[in-house]
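A short worksheet on the structure shown next.
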Amino acid sequence: MNENLLGIIAGILTSVSMIPQLIKVIREKNVEEISLLMLLVLISGLSLWVWYGFMKDELPIIISNSFAVLVNICLLICYIIYSKKA
């Protein structure tokens, strides 16, 4: 298997992994089971992967991790909004 294809497939799978959680949070408007610390660490790590991707000029790393950062920032925004309502 081509290593770029492998990177793209891995990136897609890890990038979409939090989408079901985001959908559940939006539907239920409940973030009690979400760890704020986990979200902050995850966003930080993903952001570092994006930076690393730019340093190595690796588009699969940049694109997949940028998308994952956006999904997790959306989850963080939901966390902020819905935890205030509790």
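The values are calculated or read from the model by the stated rules, or taken from the named source; none is laboratory data. What you see is a predicted model; the values in this text were computed from it and never measured. FYI the Cβ positions are ideal-geometry reconstructions off the backbone, even for glycines, and counts take in every protein chain you see. To get the accessible areas, we keep the full protein, side chains included, count just its heavy atoms, and leave off ligands, DNA and RNA. Shrake-Rupley method; radii C 1.70, N 1.55, O 1.52, S 1.80 Å.
Things to note:
- Exposure rule at most 10 other beta-carbon atoms within 10 Å, DSSP loop GluC sites (Glu not before Pro): the chain longest free segment: 34-86
- Cα centroids of segment 1-50 and segment 52-80: 8 Å apart.
- With every protein chain in place and a 1.4 angstrom probe, the accessible-area ranking of Ile8, Ile19, largest first, reads Ile8, Ile19.
- Rounded to 10°, Cα long-axis angle of helix 3-16 versus longest principal axis of the chain: 0
- Cross-link partners of Lys84 among aspartates and glutamates (Cα-Cα below 19 Å; sequence separation of 8 or more within a chain): Glu28, Glu32, Glu33
- Among (i) 162; (ii) 279; (iii) 79, the entry that matches volume of the Cα convex hull per residue in Å³ as calculated here: (iii)
- Theoretical FRET efficiency, 1/(1+(r/R0)^6), r = Cβ-Cβ of Asn30 and Leu5, R0 41 Å, to 0.05: 0.60
- Those trypsin sites (Lys or Arg not before Pro) in the chain that DSSP places in a loop and that have at most 14 other beta carbons within 10 Å: Lys29, Lys85
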